[in-house]
Amino acid sequence: MAQFSIALDDKAKITGILAETGRVHTHIQASLKGVENPVVVISSAVPQEGKSILSAGLGICAARNREGRVLLIDAHWHAPSQHILFKFDRNFQLGQNDSPASMTGQILETGYPGLDLLPAPEGPDDLNRTRKVIQIIEELKSHYSLTIVDTAAVTAVNRFMVDPVALATEADGMAFVVLANKTPRHLVKKACTTCEVSRARILGLIINQYCNPMAG
């Protein structure tokens with residue numbers, strides 16, 4: 001496992017959401033009680049909903065509150081961001097003939113106790129990306145108490161992206177991030193229906209940047 005020295009104070013962008021992600025982790029933990037080495041996919045109906053930052057915060061929170069290590073996988077290979085949030089470079093490629101086991105050597109220690117990151121690889125677009133990510137998850141999940149998979153938006157169709165619906169179908173649960181007062185409800189409903197038809201288990205909606213109108 002590769003090790004890197006990181007200045008923790010460089011990651012203030014994601015530490016500010018830990019209080020909210022703590023509640024999300026509690027709900028996920030309760031929903032998946034009894035599931036061994038669970039895999040949770042984080043997605044959204046449309047892009048720019050804040051799911052990558054939430055995934056990072058959820059990973060930090062989970063690592064603090066679980067026995068065993070937590071793995072965060074950046075499966076948004078077409079437009080990844082976890083390496084940016086955690087101040088890493090993308091400096092490896094996944095070749096056509098590379099096995100999922102070869103990815104183990106690319107796992108990074110984030111600097112947060114108990115949290116590892118598998119960033120998205122560089123390389124040319126590949127129509128078999130979804131199958132490769134599923135194989136990688138299957139290879140790695142038994143080594144972690146929880147695997148969190150940051151994915152693309154469900155409605156952001158691109159033939160080279162990793163399909164979040166296919167990943168959710170293989171996972172133990174899926175959570176949708178919805179940006180408060182922005183995301184059209186019909187698109188959220190459409191995305192949820194698409195996943196349910198594919199037999200993905202939706203654990204709930206996470207309303208990002210919600211302000212309680214009753215709060216003083």
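Things worth noting here:
- Listed residues SER55, SER44, ILE134: farthest to the positive end of the dipole of region 18-208 (Cβ charges): SER44
- Placing unit charges on the Cβ atoms only, positive for Lys and Arg and negative for Asp and Glu, gives region 37-119 a dipole magnitude near 180 debye about its Cα centre.
- Simple rule: put +1 on each Lys or Arg Cβ and -1 on each Asp or Glu Cβ in region 43-156, find the dipole, and look at HIS76, ALA156, TYR112; the Cα lying farthest toward the positive end is TYR112.
- Spin-label pair ARG66/GLU36, simplified geometry with 7 Å Cα→Cβ offset, distance in nm: 1.6
- Spin-label model, THR193/PHE88: points 7 Å from Cα along the beta carbon direction are separated by 3.8 nm.
- Basic side chains Lys and Arg get +1 at the Cβ, acidic Asp and Glu get -1 at the Cβ, and with that the dipole of region 18-208 about its Cα centre reaches some 680 debye.
Taken together, the values in this text are just the output of simple stated rules run on the coordinates, not laboratory data. Values in this document were obtained by computation on a predicted structure and should not be read as measured data. FYI the Cβ positions are ideal-geometry reconstructions off the backbone, even for glycines, and counts take in every protein chain you see.
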